[in-house]
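For reference, the structure discussed in these notes is given below.
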Amino acid sequence: MTTAAAAASFMIIPRHVLGGKGFTAPSDKVNVGLVGAGGKGKENVRDLFKLNDVQVTCLADPAEYWDLNRFYYKTVAGLGPVSDMVENHYKEKLGYSKVNRYIDFREMLSKETSLDAVLCATPDHLHAYVSMLSMQAGKHVYCEKPLTHNIHEAREVSKMAKKTGLATQMGNQLHSSPAIRNAVEYLRSGVIGKVKEVHSWVPATRWTNSLKEMPTSASPMPKGLNWDLWVGPRSNRPFNELYAPVTWRDFWEFGLGALGDFGCHDLDAATWGLELGLPAKIQVHPAGFSNSDIIPYGEIGYFSFPDGNNDNEFIEVTWYSGGLYPKKSKQLPSDIVFSRRGAMYVGEKGVMVTGNGDTPKVFSDKNLVQSVETTFKLPPTEGHHRDWINAIKGGPAASSNFEYGAHLTEITLLGVLSLRLGGALIDWDAKNMKAIGLPKADEYIRESERKGWELPKG
């Protein structure tokens, strides 16, 4: 089925609005279809298994099998293994098992008439396309981070979510963790006073450090892989084992480097807690080899956000990856040791340090504050997936819904934009979606799409 034919068969009318056949009542099970049965898709399915009012009824993936044992997943995945896992789970739990398998998710959307929602766990370059077509078909959507691969997509996905009124959630699962929520409550409560500096760091690097050019040869095609579907909106090219699985993150066309991978996690607390808008100036320098095709080994980046309370003041956010760390604030004790992944918030009354998923530590005059009182409390959460399901059933919107998720994603993508331009300083015209004086940026702000894979309009 062509993209045009698929899109033509969908109506932008959510079934939860209309009621009738296919309507999901609060007491009913939510039927979820998985798109992207790789390692992350498999993890998401296991999370859905924990929810008694959810049933995974169908899966779609262009790959029958991936061996992920040499990666952090330490498992096998793909359409076959993940479908088998789902069927075995429900056979044991419910006494029966029936999960429909599809190579092309568009066929799944067309045929699965009882489907309520879609969970997208594809590589980054397919996130927007899957999310948009799923919402266009009236399905609630959970999409892994980053929400999109470019800024234009982020804005269109946000528009579509608002237009359809569907329940959405970006898969930055740490958003629902006690560590980030505590950090947000501390920041909103003014525990360290007015914040002027934020520093966030992750240890992530490029997968293949020796990579200096795009693959020029073809590798044997894995059995059961529809490579054309995997490539999706990108220009087609011969399959090479450096592209998939997992290591696609090393290439700008498919992945977005450490910043794109971790920014929606590790810039979340600052964005949420300080209610950051979009940065006015962005500059991210690559660490190690990088070019227009290949991501850098690491990076250090600077984001300057207008202070919403004072147009003449800015909140400076600095990003580090690849083993880079910030200089310790003078307000911290000299013997403090930063975790491998964490953040430092410098305020007028003290410094807050986070890391390792622990409760934030607050220091005043180099001394650890023993008791921290917060005046601001976030609504309780039952978990990232649970909040999405509750939203589907008529509860409050999930807190990392596509409006917020698109905003956080755009922040990270502005850093990626600077990286793709070799570390250029970006003056961001948010209203017109333009990098002032940098016409080269336009091709990354809105990337070209292969014929038949055009993004629907939000």
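What number of residues within region 287-316 satisfy the criterion of being more than 26 Å from TRP207 (Cα to Cα) and part of a strand (DSSP E or B)?
Adding up the residues that qualify gives 11.
If you check every pair at least six apart or on different chains, which have Cβ atoms under 6 Å apart with a residue in region 80-92 that is closer than 18 Å to TRP66 by Cβ first and a residue that is of a type outside the set (A, V, I, L, M, F, W, C) second?
Sorted first by the residue in region 80-92, then by its partner, the pairs are GLY80/GLU64; GLY80/TYR65; VAL82/LYS42; SER83/ARG101.
Suppose the filter is over 22 Å from the mean Cα position of the chain (by Cα), more than 20 Å from GLY273 (Cβ to Cβ), modelled with pLDDT of 95 or more and not aromatic (Phe, Trp, Tyr); does ASN367 pass it?
Taking the combined requirement at face value, the residue satisfies it.
Where in region 378-458 are the helices (runs of 4 or more DSSP H), entirely inside, with at least 2 residues that are of a type in the set (A, V, I, L, M)?
The qualifying helices (runs of 4 or more DSSP H) are 384-392, 402-420.
Considering (1) at negative phi; (2) out of contact with any helix residue (DSSP H, G or I) (no Cβ under 6 Å at 6 or more places or on another chain), say which one LYS74 fails and leave the rest.
Result: LYS74 passes all but (1).
Check off (1) among the charged types (D, E, K, R); (2) more than 23 Å from GLU185 (Cβ to Cβ); (3) without any contact (Cβ under 8 Å) to a residue 60 or more places away in the chain; (4) surrounded by fewer than 16 Cβ atoms within 10 Å (Cβ to Cβ) for ASP365 and give me the number that stays unchecked.
Condition (2) is where ASP365 drops out.
Would you check if there is a residue in region 260-270 being over 21 Å from ASN401 (Cα atoms) and surrounded by fewer than 23 Cβ atoms within 10 Å (Cβ to Cβ)?
no
Filter region 319-331 for residues that are surrounded by 19 or more Cβ atoms within 10 Å (Cβ to Cβ) and either closer than 17 Å to VAL369 by Cβ or under 21 Å from the mean Cα position of the chain (by Cα) (or both) and give the result.
Those that are surrounded by 19 or more Cβ atoms within 10 Å (Cβ to Cβ) and either closer than 17 Å to VAL369 by Cβ or under 21 Å from the mean Cα position of the chain (by Cα) (or both): TRP319, TYR320, SER321, GLY322.
Does at least one position in region 242-261 carry a residue that is charged (D, E, K, R), in a loop (DSSP other than H, G, I, E, B) and within 17 Å of LEU419 (Cα to Cα)?
There is at least one residue in region 242-261 that is charged (D, E, K, R), in a loop (DSSP other than H, G, I, E, B) and within 17 Å of LEU419 (Cα to Cα).
Among the listed residues ASN52, ASN44, ASN88, which satisfies the condition of being part of a loop (DSSP other than H, G, I, E, B) and out of contact with any Cys (no Cβ under 6 Å at 6 or more places or on another chain)?
Step by step, each of ASN52, ASN44, ASN88 is checked, and only ASN52 is part of a loop (DSSP other than H, G, I, E, B) and out of contact with any Cys (no Cβ under 6 Å at 6 or more places or on another chain).
Restricting the search to region 339-361, which residues are part of a loop (DSSP other than H, G, I, E, B), under 28 Å from the mean Cα position of the chain (by Cα) and surrounded by fewer than 18 Cβ atoms within 10 Å (Cβ to Cβ)?
SER339, ARG340, ASN356, GLY357, ASP358, THR359
How about region 393-415: which of its residues are over 14 Å from the mean Cα position of the chain (by Cα) and crowded, with 24+ Cβ neighbours inside 10 Å?
Result: ALA398, LEU414, GLY415.
Consider only pairs whose beta carbons are under 6 Å apart and that are at least six residues apart or on different chains; among these, list those whose first residue lies in region 424-435 and is in the same structural domain as ILE300 (by TED's automatic domain parsing) and closer than 21 Å to SER290 by Cα and whose second residue is of a type outside the set (A, V, I, L, M, F, W, C) and at pLDDT 95 or above.
Sorted first by the residue in region 424-435, then by its partner, the pairs are ALA424/SER418; LEU425/GLN283; ILE426/SER418.
Can you tell me which of ASP250, ASP261, ASP266 is within 30 Å of ASN309 (Cβ to Cβ), within 20 Å of the chain's Cα centre (by Cα) and of a type in the set (Asp, Glu)?
Checking each option against the conditions leaves just ASP266.
Does MET170 satisfy the criteria of being surrounded by 24 or more Cβ atoms within 10 Å (Cβ to Cβ) and either part of a helix (DSSP H, G or I) or aromatic (Phe, Trp, Tyr) (or both)?
When the stated conditions are applied, MET170 does not pass them.
Taking the conditions exactly as written (over 30 Å from TRP207 (Cα atoms), assigned by TED's automatic domain parsing to the domain that holds GLN169 and modelled with pLDDT of 95 or more), does ASN390 satisfy them or not?
yes
The values are calculated or read from the model by the stated rules, or taken from the named source; none is laboratory data. Because the structure is predicted, anything quoted here is derived from the model rather than measured. Here the Cβ is made from the backbone with ideal geometry for all residues, glycine too, and neighbour counts use every protein chain on show.
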